[in-house]
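Asks: Okay, here's the structure, questions in a sec.
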Amino acid sequence: MNSLLAKQRGMTGLGWLTVLALIGFFSLMILKLAPIYLDHYSVAQAVRSLETEPLITKKSPAEIRKMLKRRLKINYVGDLPKGAIKIKKSSGVLTVDVNYVKDKPLFGNIDLRVTFEEHIELVAH
């Protein structure tokens, strides 16, 4: 029994290599995904800020789109796809949808794909 305990002294080199590989993989994932989620936080904040805009429901969709793009540019978010922002006005209700997909290469031919959706409805007072 004593000889068995003497041989069991911890992880082997292969065990440590596996642990380090997992730590490296998840660190790479965090480094790749963090900027994408920080950009999305800025997009969500810009969309929510439309609620505090006075007389927002009286503005045209082009004016609202320009206002939203200006706010995104201030926060250094500039690479939204062309059709990502959809604005719809109907009977006193303004609906703003921002839907987009971000692709980020991870390594080799493996990519990360993240889908974001922001939706807000504003009612005329």
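Asks: Just one of Arg71, Arg65 is closer than 15 Å to Arg48 by Cβ and either aromatic (Phe, Trp, Tyr) or out of contact with any Lys or Arg (no Cβ under 7 Å at 6 or more places or on another chain) (or both); which is it? Spell out how you get there, then give the answer.
Replies: Working: Arg65 fails: closer than 15 Å to Arg48 by Cβ.
Checking each option against the conditions leaves just Arg71.
Asks: Continuing with this model, one more query. For Lys82, indicate whether it is under 21 Å from the mean Cα position of the chain (by Cα), among the charged types (D, E, K, R), closer than 21 Å to Leu38 by Cβ and at pLDDT 85 or above.
Replies: On the way: under 21 Å from the mean Cα position of the chain (by Cα): yes; among the charged types (D, E, K, R): yes; closer than 21 Å to Leu38 by Cβ: no; at pLDDT 85 or above: yes.
So Lys82 does not fit the description; no.
Asks: Moving to a separate point now. So Leu5 fits all but one of (1) at pLDDT below 90; (2) closer than 30 Å to Pro105 by Cβ; what number is the exception?
Replies: (2)
Asks: Right, Glu118: under 18 Å from Tyr37 (Cα atoms) and of a type in the set (Asp, Glu) or not? If you could, list the steps in order and put the result at the bottom.
Replies: Numbers: under 18 Å from Tyr37 (Cα atoms): yes; of a type in the set (Asp, Glu): yes.
Yes.
Asks: Something else about it: Report those helices (runs of 4 or more DSSP H) wholly inside region 1-113 carrying at least 1 residues which are surrounded by 10 or more Cβ atoms within 10 Å (Cβ to Cβ) and touching a strand residue (DSSP E or B) at 6+ places or on another chain (Cβ under 6 Å). If you could, list the steps in order and put the result at the bottom.
Replies: Values: elements: 2-7, 13-48, 61-74.
The helices (runs of 4 or more DSSP H) meeting that bar are 13-48, 61-74.
Asks: Let me ask another. Keeping to region 114-125, report how many residues are assigned to a loop (DSSP other than H, G, I, E, B) and in contact with a strand residue (DSSP E or B) (Cβ under 9 Å, 6 or more places away or on another chain).
Replies: Restricting attention to region 114-125, the residues satisfying the condition of being assigned to a loop (DSSP other than H, G, I, E, B) are 124-125.
Next, only the ones that are in contact with a strand residue (DSSP E or B) (Cβ under 9 Å, 6 or more places away or on another chain) stay: 124.
Residues in region 114-125 being assigned to a loop (DSSP other than H, G, I, E, B) and in contact with a strand residue (DSSP E or B) (Cβ under 9 Å, 6 or more places away or on another chain): 1 in total.
Asks: Shifting gears a bit: Output yes when any residue across region 57-68 is small (Gly, Ala, Ser), out of contact with any Ser or Thr (no Cβ under 8 Å at 6 or more places or on another chain) and under 17 Å from Glu117 (Cα atoms), and no when none is.
Replies: Restricting attention to region 57-68, the residues satisfying the condition of being small (Gly, Ala, Ser) are 60, 62.
When the remaining residues are screened for being out of contact with any Ser or Thr (no Cβ under 8 Å at 6 or more places or on another chain), the result is 60, 62.
Pick out the ones that are also under 17 Å from Glu117 (Cα atoms) and you get none.
The answer is no; no qualifying residue exists.
The values are calculated or read from the model by the stated rules, or taken from the named source; none is laboratory data. The model shown is predicted, which means the values in this text are computed figures rather than measured ones. Glycine also receives a Cβ, built like all others from the backbone with ideal geometry; neighbour counts cover every protein chain displayed.
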